[in-house]
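Asker: Below is the structure I would like to discuss, written out as structure tokens.
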Amino acid sequence: MTAAPKRPSDQDGFFWKTKKMEEMSTAEWESLCDGCGRCCLNKLEDEDTGEIYFTDVSCKLLDSCSAGCKSYANRFDFVPDCVVMTPESVRGLKWLPPSCGYKLVAEGRDLYWWHPLVSGDPNTVHEAGVSVRGRVAGTEVEIPDDQLEHNLVQWPGQLPKQARLKRRPKD
């Protein structure tokens with residue numbers, strides 16, 4: 001049986017389609033982050049199955065209104081175990097959400113219409129319902145670890161219907 005032919009990409013000329021992840025400049029690499037904040041949510045792992053469960057509890061540095069880090073440049077001073085996104089780590093992280101720009105590029109897939117590199121607008125990630133804006137119950141400082149199991153949510157591992165569209169919806 002032969003594989004289905006690869007669909008043509010309308011993003012073929014863009015750096016994330018022409019360069020290997022290891023060849024990207026720091027600025028290019030950082031721009032793959034769509035600013036959704038989903039990776040900054042606390043996760044629980046089932047020790048028996050290895051399955052990952054998202055919570056709606058965020059890192060203490062996440063600004064839940066902007067979905068950005070309050071101290072990105074100095075985050076390791078406050079959160080020493082903050083995950084560094086590298087080509088190697090991205091390929092091995094099984095908890096990255098399906099919308100993650102790093103994950104999509106690692107898989108050779110196109111970025112969605114709402115990704116700021118495609119839309120030219122950092123607010124489209126919120127418009128598409130992908131970001132954590134308005135969905136965080138509290139930070140890890142406010143909600144103790146022994147309460148995390150009461151804050152399990154499925155939405156970070158899912159892609160909202162509007163976000164799956166091929167193009168930005170008309171107003």
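The values are calculated or read from the model by the stated rules, or taken from the named source; none is laboratory data. It should be emphasised that the depicted structure is a prediction, and the values quoted were computed from it without experimental measurement. In this analysis, Cβ positions are derived from the backbone assuming ideal geometry, glycine residues included, and neighbour counts consider all displayed protein chains.
Asker: Report, by residue number, each residue of region 118-132 that is closer than 28 Å to Leu152 by Cα, among the hydrophobic types (A, V, I, L, M, F, W, C) and not in a loop (DSSP other than H, G, I, E, B).
Answerer: Once the filter is applied, which keeps residues that are closer than 28 Å to Leu152 by Cα, among the hydrophobic types (A, V, I, L, M, F, W, C) and not in a loop (DSSP other than H, G, I, E, B), region 118-132 yields only Val125.
Asker: Quick check on region 45-54. Is at least one of its residues surrounded by 13 or more Cβ atoms within 10 Å (Cβ to Cβ), under 19 Å from Ser131 (Cβ atoms) and within 14 Å of the chain's Cα centre (by Cα)?
Answerer: yes
Asker: Name the residues in region 118-171 that are in contact (Cβ under 8 Å) with a residue 60 or more places away in the chain and over 23 Å from Lys70 (Cβ atoms), would you?
Answerer: Result: Val118, Glu149, Leu152, Gln154, Gly157, Gln158, Leu159, Ala163.
Asker: Which residues, counting only those in region 90-117, are in a helix (DSSP H, G or I) and either of a type outside the set (A, V, I, L, M) or at pLDDT below 95 (or both)?
Answerer: Residues satisfying the conditions are Arg91, Gly92, Gly101, Tyr102, Lys103, Pro116.
Asker: Identify, please: which residue in region 5-44 is among the hydroxyl-bearing types (Ser, Thr, Tyr) and within 20 Å of the chain's Cα centre (by Cα) and is, among those, nearest to Thr124 (Cα to Cα)?
Answerer: The qualifying residue nearest to Thr124 (Cα to Cα) is Ser31.
Asker: Among the listed residues Leu159, Leu148, identify the single one that is surrounded by 13 or more Cβ atoms within 10 Å (Cβ to Cβ), aliphatic (A, V, I, L, M) and touching a Leu at 6+ places or on another chain (Cβ under 7 Å).
Answerer: Leu148
Asker: Right, here's the next one. Tell me whether region 133-142 contains one or more residues that are more than 17 Å from Thr55 (Cα to Cα), touching a helix residue (DSSP H, G or I) at 6+ places or on another chain (Cβ under 9 Å) and assigned to a loop (DSSP other than H, G, I, E, B).
Answerer: Checked region 133-142: no residue is more than 17 Å from Thr55 (Cα to Cα), touching a helix residue (DSSP H, G or I) at 6+ places or on another chain (Cβ under 9 Å) and assigned to a loop (DSSP other than H, G, I, E, B).
Residues checked against (1) more than 25 Å from Glu107 (Cβ to Cβ); (2) in a strand (DSSP E or B); (3) not aliphatic (A, V, I, L, M):
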{"site": "Asp34", "(1), (2), (3)": "no, no, yes"}
{"site": "Cys39", "(1), (2), (3)": "no, no, yes"}
{"site": "Glu47", "(1), (2), (3)": "yes, no, yes"}
{"site": "Asp56", "(1), (2), (3)": "yes, yes, yes"}
{"site": "Arg75", "(1), (2), (3)": "yes, no, yes"}
